[in-house]
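Here's the structure, in structure tokens; my notes come after.
The values are calculated or read from the model by the stated rules, or taken from the named source; none is laboratory data. Computed from a predicted model, the values in this text were never measured in an experiment. We place every Cβ from the backbone using ideal geometry, glycine too, and count neighbours over all the protein chains shown. The area values use the complete protein model at the heavy-atom level, side chains included, leaving out ligands, DNA and RNA. Shrake-Rupley method; radii C 1.70, N 1.55, O 1.52, S 1.80 Å.
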Amino acid sequence: MSTQVATGRFGQFGGQFVPETLMNALIALEKEFTIIGDDPQFQAEYLDYLKQYTGRPTPLYFAKNLTEQLGGARIYLKREDLNHTGAHKINNVVGQILLAKRMGKKRIIAETGAGQHGVATATVCAMFGLPCEVYMGEEDVRRQSLNVFRMELLGATVHTVSSGTCTLKDATNEAIRDWVANVDETFYVIGSVVGPHPYPTMVRDFQRIIGDEARRQILEAEGRLPDYLVACVGGGSNAMGLFYPFSQDYNVRFIGVEAAGHGIDTAQHAATITKGSVGVLHGMLTYLLQDKEGQILPVHSISAGLDYPGIGPEHAHYHETNRASYVSITDQEALGGFYKLCRIEGIIPALESAHALAYLEKLVPKTNADQLIILNLSGRGDKDVHTVADATGGVK
Amino acid sequence: MIRIQQSRIQQTFEKLTASHKKALITYVTAGDPSLAVTEQLVLAMEEGGADIIELGIPYSDPLADGPVIQRAAKRALQAGTKIDDIFALVANIRSKTQVPLVFLVYFNPVLQYGLQKFLTTCHHSGVDGLIIPDLPLEERSQLQEILTSTGYPIDLIPLVAPTSAQRVPALVAKGSGFVYCIAAMGVTGQREEFFLGLEEFVHGIKAHTATPVALGFGIGSPKAVHTLRDYADGLIVGSAIIQRIEDCITNKKTPEISRVVTDFVRELRVALDSF
């Protein structure tokens, strides 16, 4: 799987479709990002924060009850929900903020969907004493109000975005507009493997710790590599973080689980690869949900973190080269996965991760007891309990 | 070798230079509030004294635009504006005037239409130039090559930002028509403050090209036009016009839009020409 940092393309996907105002900032970022890749001091500092501050390595937990109930492959959960702030997002934020400090940036901005990336950014900014402004769609502010409060507790300013569809796509537009206006002093911390080059590569490299650890841990536990990696995909950072270190292990199959919302044959889903076509959004050429005129379509998922009409360009490339397969899970199925993990493993998963869990119901019956699955439990579900209560008729 | 004829934009700048005048470039979003009104507005702006007219192609995610033009795009899309209808509008306008028309279009609609087909349709309907705010130099070679191979007299107008610095020579080398010089950091929209060192910025660009230079982003009043006119060969006014259109729509005075816009453009023209 070749990944060309030089041109910022993954096959045909990726690129830098941004206003001219940002080009020199991207060039400077790429240059600095290349330098830190070979800088042992930076890498040591990054890993030290991940260990001491976010609590890595996260466990690779053998889900015995889930395995027994589904009656197929042995299922391991990569417990990214146990990170400080409750999701994998902080891995990337630590890396980008260290880079921002190194570049002398005085102000941090971020977009957020579910709020996990916003909370992680606000958290790390609080620790480093950097002012932090987070853009969040009005719809997401409503359904993730707990995370808005968390960000404010941490000293961040949350800007409610009321343009377009009032979700992650529009929050990203607004963050880009802020960046264009304040590019000299501002560092834009993008939360997923999306956006213009070098972001998709950079975010992947700051998330690959998930897969690096999981690879080591499964070899320790089972003495061999897994047969399947399963992860939910919105922009795709938790999936890419898990997949990438296995990209040369061709016997390991990658499955990305998209949000099918009310169903992929309705107008209300976020299954970008399953139903989308190639286009340009947020600086990248990738698969998008769009109409024939190139207007981006409104998307829907019960999970705010998957509610995005695009996908990271490296995933688009994995899809086109058949390195990974992409499937979809509806809101209802995800709720089933959510409940099951709560009840039989005592873990409340994020609704995003619940999509991956729900796919096990379809995957595991096709496997046997000798096979191994690693599922990325990308976040914890405390933030989602209101949404789940609303969707299932209240707290029982 | 295909011989490329002079575009209407180039002819316009030549005529203006000969008469020691600056170009007034005005913007409206196509389809806001309807394509019929857009046609009236193009003619109204020409009547008011606009030399070149930009037509914004409404887009769902206009990330270089501020709130005023975002709302215009939203109104146009809600009215059901489609690209082929905009091309038909241009063809219709072309039967009435030879004023240069430039599309301000985000790249995704162009990509979905098909690059070759888009350029061909631009040429046949009478579009003279393209400004694509999210297609920087690094991504424009394919479109540039197709355009060159067709020989159509369509200008690919380069944008230069205050942050462009060492990129300026390469940016202006590839463009034609005029150089769109971004006068303020940020998105489109009227403002009081411009990028400090504007004069130096424009001189830095002119040192590398004979192509006329026009300033845009934030210029929204006769006063701003008067202040900035000496810096460049032309000035671009967009959001301030859209704001007047929006005010007419909000106040249910749609029939007055053309007159309001003609009057405003005339004020701008006077500020540009007066001593």
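Observations
- Less than 5 angstrom separates the built amide H of A:THR330 from those of A:ALA260, all sequence-distant by 5 or more or on a different chain.
- Here is the list for segment A:183-292: GluC sites (Glu not before Pro) lying in DSSP coil, each with at most 10 other C-beta atoms within 10 angstrom of its C-beta, are A:GLU185.
- Efficiency of FRET between B:HIS203 and B:LEU115 - r from beta-carbon atoms, R0 35 angstrom, step 0.05: 0.50
- Each distinct pair of alpha carbons in chain B adds a 1/r term; the inverse of their mean, the Kirkwood radius, is 18.5 Å.
- Percent of beta bridges antiparallel (DSSP, the protein assembly as shown, rounded to nearest 5): 25
- The trypsin sites (Lys or Arg not before Pro) found in segment A:184-276 that occupy coil by DSSP, while having at most 11 further C-beta atoms within 10 Å, are A:ARG224.
- Within segment A:297-396, the percentage of alpha carbon pairs spaced more than 24 angstrom apart rounds to 28%.
- Annotation: amide H-H contacts under 5 Å for A:GLY379 (H modelled 1.01 Å from N, sequence separation of 5 or more, or interchain): A:ASP81, A:ALA350, A:SER353.
- For the protein assembly as shown, the percent of C-alpha pairs falling in each 20 Å distance bin, counted from 0 to the bin holding the largest distance, reads 19, 49, 26, 6, 0.
- Protection proxy ranking, peptides A:35-43, A:10-18, average beta carbon neighbours within 10 Å, highest first: A:10-18, A:35-43
- Table column - 3J(HN,Hα) (Hz), segment B:157-165, Karplus curve with 6.51, -1.76, 1.60, x for Gly and Pro: 8, x, 9, 10, 10, x, 8, 5, 6
- Under the Karplus curve 6.51 cos²θ - 1.76 cosθ + 1.60, θ = phi - 60°, whole-Hz ³J(HN,Hα) for segment B:65-70, x wherever Gly or Pro sits: 10, x, x, 5, 6, 4
- Inter-chain shielding of A:292-301 (mean C-beta neighbours from other protein chains, 10 Å cut-off): 5
- Here the gap between B:GLU14 and B:SER141, fully extended at 0.36 nm per residue and compared with their Cα-Cα distance, gives a gain of 43.0 nm.
- The distance linking segment A:74-118 with segment A:341-396 is 22 Å (Cα centroid to Cα centroid, whole angstrom).
- Directionally averaged projected area (chain A, Cα convex hull): 17.7 nm².
- Cβ-placed point charges (K, R +1; D, E -1), dipole of segment A:71-158 about Cα centre in debye, nearest 20: 420
- Stretchable slack from B:PHE275 to B:HIS226, in nm (0.36 nm times residue separation minus alpha-carbon distance): 16.7 nm
- C-alpha center-to-center spacing [segment B:65-121, segment A:21-43] in angstrom: 38
- Taking Lys and Arg as +1 and Asp and Glu as -1, the other residues whose beta-carbon sits under 14 Å from that of B:GLU199 total -1.
- Per-residue average of Cβ from other chains inside 10 Å of B:154-165: 3
- Helix-derived mean residue ellipticity, 222 nm - over chain A, DSSP H n ≥ 4, -39500 (n - 2.57), to 500: -13000 deg cm²/dmol
- Across chain A: Cys residues that no other cysteine approaches within a C-beta distance under 4.7 Å: A:CYS166, A:CYS232, A:CYS342
- The alpha carbon centroids of segment B:167-204 and segment A:222-268 are separated by 44 Å.
- Here the Karplus curve 6.51 cos²θ - 1.76 cosθ + 1.60, taken at θ = phi - 60°, turns the phi angles of segment A:151-159 into couplings of 4, 5, 4, 7, x, 8, 9, 9, 9 Hz, with x standing for Gly and Pro.
- For the segment A:153-165, counting C-beta atoms of other chains within 10 Å of every residue's C-beta and taking the mean gives 1.
- Taking amide H as placed 1.01 Å from N in the peptide plane, B:THR29 has its amide H under 5 Å from the amide H of B:GLY56, each at least 5 places away in sequence or on another chain.
- Chain B: calculated mean residue ellipticity at 222 nm from DSSP helix runs of at least 4, using -39500 (n - 2.57): -14000 deg cm²/dmol
- Longest segment of chain B lacking trypsin sites (Lys or Arg not before Pro) that sit in a DSSP loop with at most 14 other Cβ atoms within 10 Å: B:97-251
- Segment B:8-273: relative contact order as a whole-number percent, Cα under 8 Å and 6+ apart: 23
- A straight chain from B:LYS21 to B:GLN166 at 0.36 nm per residue would run longer than the Cα-Cα distance by 49.2 nm.
- Residues A:LEU26, A:LEU219, sorted by accessible area with the largest first, give A:LEU219, A:LEU26 [1.4 Å probe; ligands and nucleic acids excluded].
- Protein heavy-atom surface of the protein assembly as shown, 1.4 angstrom probe: 52% of the accessible area is carbon and sulfur, with nucleic acids and ligands not counted.
- Protein accessible surface hidden between B and A, which excludes ligands and nucleic acids, total in Å², probe 1.4 Å: 2800
- Sites matching chymotrypsin sites (Phe, Trp or Tyr not before Pro) across segment A:237-314 that sit in DSSP coil, with at most 14 neighbouring C-beta atoms within 10 Å: A:TYR250
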